[in-house]
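Peer 1: What follows is a single structure, and I will ask about it in a moment.
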Amino acid sequence: MTTQTPSYDLVLRSTRAVLPDGVRPAAVAVRRGRIAAVGEHRAAFDARVELDLADTALLPGLVDTHVHVNEPGRTRWEGFASATRAAAAGGVTTLIDMPLNSIPPTVDASALDVKRKAADGKCVIDVGFWGGAIPGNTAELRPLHDKGVFGFKCFLADSGVEEFPALTVQEMHEALREIARFDGLLIVHAENADVLRAAPSSTRYRDFLASRPAAAEDSAIAAVIDAARAHGARVHILHLAAAEAVPRLAAAKAAGVRVTAETCPHYLTFSAAEIDDGATQFKCCPPIRGSEDREALWHALGSGVIDVVVSDHSPSTPDLKRLDSGDFAAAWGGISSLQLGLPAVWTGARARGFGLADVVRWMATRPAELAGLPAKGRIAVGCDADLVAFDPDAAFTVDPAALHHKNPVTPYAGRELHGVVRATYLRGEPVTEAPRGRFLTHPEAR
């Protein structure tokens, strides 16, 4: 007597599956790591493993395109093992690593090889890499593109690390002219160095905020839009914090400029008024602004002017955050939130009348589209079976000791958030400590 092999490896059922056509009851069947069928909730599937999530939501794995892993070179700050574990715990199944804060920065093909070697065998989720555009490396951009980076990051103001200098506006044009030749993507930290002011040594958040006014973002974004228009190139605005720039972005999109934009959970959650003096765990660049900026960002997400929400996970050791002195000028400017992005955004979204489909669009589908990853970010036949069981009705209080980040300093400490990740699947298998992640490249990589 022979036993028939099941047709599918896994079936997950949920009354709240977030599908491309909306949220509805469904059964998702997986074969060899990909979604092989999406059927009615009670459809019969012959599977090796079958789980009914009941009313726990089933989401596609999130795609976080803005993560500073910092390995090699600054692995005391973070590393691929700890960062990918934190990501998986937060429902992220794909991350794209930024080119700076590691040593060497990913600004040429040999540095990309070093980065991949450092990450090899450590990642529990899938990982891709951005390249960097810095003064003098224009000739390195095409080779990096050919090796599979998803685009190129540049700064228009000091990056905070000397090995990754900023571009002038003229240098940005030179880089973008080259990137346009192969229809690549330039992603820009858009703050105008000429508008920024040196922050005084101070424990007062308002002093730090005054040193990086909204006009620095708006004027830099204007320069990026002008460059994109001039070269017919694709550009992406990183970590938008200023409401002042939203109308400019909306007008550029309406005019056909190839520009997209992102914001981050901390800009959607906090406001300047609630940041105590000395609370340097809130320091980031651009800074967290007023409540009117926060609400304008939510509105821009709802209208589609802002395309994606990603973490900008930029950790450091506690001493670099100057938690002892509370000096905002001296503290490292970065927020650790890789594990908390989904509940933070869901908490704000549900309070403003948005649904799970909105959050999935901002944090999974559109980031995958931005990077050119058609197999990610959707629950659809043929896509990777990267799935998240998410309880949107549960709440928890953030305990830094429960985070997987290497240095769990976070402004979310003690904050109640809604939404708990119950399980994360990578290509149909539960994510564990085993490093099953793959390196991803853009579709045209050689």
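The values are calculated or read from the model by the stated rules, or taken from the named source; none is laboratory data. Please read all numbers here as calculations on a predicted model, not as lab measurements. So basically every Cβ, Gly included, is an ideal-geometry build from the backbone, and we count neighbours across all protein chains shown. The area values use the complete protein model at the heavy-atom level, side chains included, leaving out ligands, DNA and RNA. Shrake-Rupley method; radii C 1.70, N 1.55, O 1.52, S 1.80 Å.
Peer 1: Name every residue in the stretch 146-174 that is outside any loop (DSSP other than H, G, I, E, B), crowded, with 20+ Cβ neighbours inside 10 Å and more than 20 Å from the chain's Cα centre (by Cα), in order of residue number.
Peer 2: Let us first name the residues in the stretch 146-174 that are outside any loop (DSSP other than H, G, I, E, B), namely 146, 152-155, 169-174.
With crowded, with 20+ Cβ neighbours inside 10 Å added as a condition, the list becomes 152-155, 172.
Within the stretch 146-174, MET172 is the sole residue that qualifies.
Peer 1: Of the residues ASP126, ASP120, ASP113, only one is out of contact with any helix residue (DSSP H, G or I) (no Cβ under 6 Å at 6 or more places or on another chain), within 27 Å of THR432 (Cα to Cα) and surrounded by 24 or more Cβ atoms within 10 Å (Cβ to Cβ); which?
Peer 2: Sole residue among the options that is out of contact with any helix residue (DSSP H, G or I) (no Cβ under 6 Å at 6 or more places or on another chain), within 27 Å of THR432 (Cα to Cα) and surrounded by 24 or more Cβ atoms within 10 Å (Cβ to Cβ): ASP126.
Peer 1: Go through the stretch 340-357 and count every residue that is assigned to a loop (DSSP other than H, G, I, E, B), among the small types (Gly, Ala, Ser) and surrounded by 24 or more Cβ atoms within 10 Å (Cβ to Cβ). Please lay out each step first, then the result.
Peer 2: Applying the first criterion (assigned to a loop (DSSP other than H, G, I, E, B)) to the stretch 340-357 yields 340, 352-355.
Adding the requirement that they be among the small types (Gly, Ala, Ser) leaves 353, 355.
Still in the list and also surrounded by 24 or more Cβ atoms within 10 Å (Cβ to Cβ): none.
Residues flagged as assigned to a loop (DSSP other than H, G, I, E, B), among the small types (Gly, Ala, Ser) and surrounded by 24 or more Cβ atoms within 10 Å (Cβ to Cβ) within the stretch 340-357 amount to 0.
Peer 1: When SER337 is evaluated against the numbered criteria (1) part of a helix (DSSP H, G or I); (2) touching a residue at least 60 places away in the same chain (Cβ under 8 Å), which criterion, by number, is the only one it fails?
Peer 2: (1)
Peer 1: Here's another thing I want to ask about it. Only residues that are surrounded by fewer than 24 Cβ atoms within 10 Å (Cβ to Cβ) and β-branched (Val, Ile, Thr): list them for the stretch 70-88, please.
Peer 2: THR75
Each row is one residue, and each column tells you yes or no for (1) at pLDDT 95 or above; (2) in contact with a Lys or Arg (Cβ under 6 Å, 6 or more places away or on another chain); (3) more than 22 Å from ASP391 (Cβ to Cβ).
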position	(1), (2), (3)
ALA413	yes, no, no
GLU416	yes, no, no
VAL420	yes, no, no
ALA423	yes, no, no
ARG436	yes, no, yes
GLU444	no, no, yes
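Peer 1: Do we have VAL127 as β-branched (Val, Ile, Thr), farther than 23 Å from GLY232 by Cβ and in contact (Cβ under 8 Å) with a residue 60 or more places away in the chain here?
Peer 2: yes
Peer 1: Since ASP393 meets every condition but one in (1) under 26 Å from ARG116 (Cα atoms); (2) outside any helix (DSSP H, G or I), which condition does it not meet?
Peer 2: In the conditions (1) under 26 Å from ARG116 (Cα atoms); (2) outside any helix (DSSP H, G or I), ASP393 misses (1) alone.
Peer 1: Kindly list the number of the only condition in (1) touching a residue at least 40 places away in the same chain (Cβ under 8 Å); (2) closer than 17 Å to ILE225 by Cβ; (3) part of a helix (DSSP H, G or I) that fails for ALA251.
Peer 2: (1)
Peer 1: Please determine whether any residue of the stretch 383-401 is among the β-branched types (Val, Ile, Thr), more than 20 Å from LEU53 (Cα to Cα), touching a Phe, Trp or Tyr at 6+ places or on another chain (Cβ under 8 Å) and open to solvent by less than 20 Å² (accessible area, probe 1.4 Å).
Peer 2: Taking every residue of the stretch 383-401 in turn, at least one turns out to be among the β-branched types (Val, Ile, Thr), more than 20 Å from LEU53 (Cα to Cα), touching a Phe, Trp or Tyr at 6+ places or on another chain (Cβ under 8 Å) and open to solvent by less than 20 Å² (accessible area, probe 1.4 Å).
Peer 1: Among the candidates VAL23, VAL18, single out the residue that is at pLDDT 95 or above, more than 17 Å from THR93 (Cβ to Cβ) and touching a strand residue (DSSP E or B) at 6+ places or on another chain (Cβ under 7 Å).
Peer 2: Values: VAL18 fails: more than 17 Å from THR93 (Cβ to Cβ).
Only one candidate passes the filter, namely VAL23.
Peer 1: List every residue pair whose Cβ atoms sit under 7 Å apart, with the two residues 6 or more apart in sequence or on different chains, where the first one lies in the stretch 188-207 and is in a helix (DSSP H, G or I) and the second, anywhere, is of a type in the set (Val, Ile, Thr).
Peer 2: TYR205/ILE275
Conditions tested, residue by residue: (1) open to solvent by 40 Å² or more (accessible area, probe 1.4 Å); (2) not small (Gly, Ala, Ser).
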residue: ARG206; (1), (2): yes, yes
residue: ALA228; (1), (2): no, no
residue: ALA233; (1), (2): no, no
residue: GLU244; (1), (2): yes, yes
residue: GLU262; (1), (2): no, yes
residue: PRO265; (1), (2): no, yes
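Peer 1: Please state which of the following conditions ASP9 fails to meet, knowing it meets all the rest: (1) among the charged types (D, E, K, R); (2) surrounded by 15 or more Cβ atoms within 10 Å (Cβ to Cβ); (3) within 21 Å of ARG361 (Cα to Cα).
Peer 2: Of everything listed in (1) among the charged types (D, E, K, R); (2) surrounded by 15 or more Cβ atoms within 10 Å (Cβ to Cβ); (3) within 21 Å of ARG361 (Cα to Cα), ASP9 misses just condition (3).
Peer 1: OK, next. Look at the stretch 279-316 and say how many of its residues are part of a loop (DSSP other than H, G, I, E, B) and in contact with a strand residue (DSSP E or B) (Cβ under 6 Å, 6 or more places away or on another chain).
Peer 2: 6
Peer 1: Under 7 Å by Cβ, and 6 or more places apart or on different chains, what pairs join a residue from the stretch 365-379 that is open to solvent by less than 10 Å² (accessible area, probe 1.4 Å) and modelled with pLDDT of 95 or more with one that is part of a helix (DSSP H, G or I) and not aliphatic (A, V, I, L, M)?
Peer 2: Cβ pairs passing all conditions: GLY377/THR365; GLY377/PRO367.
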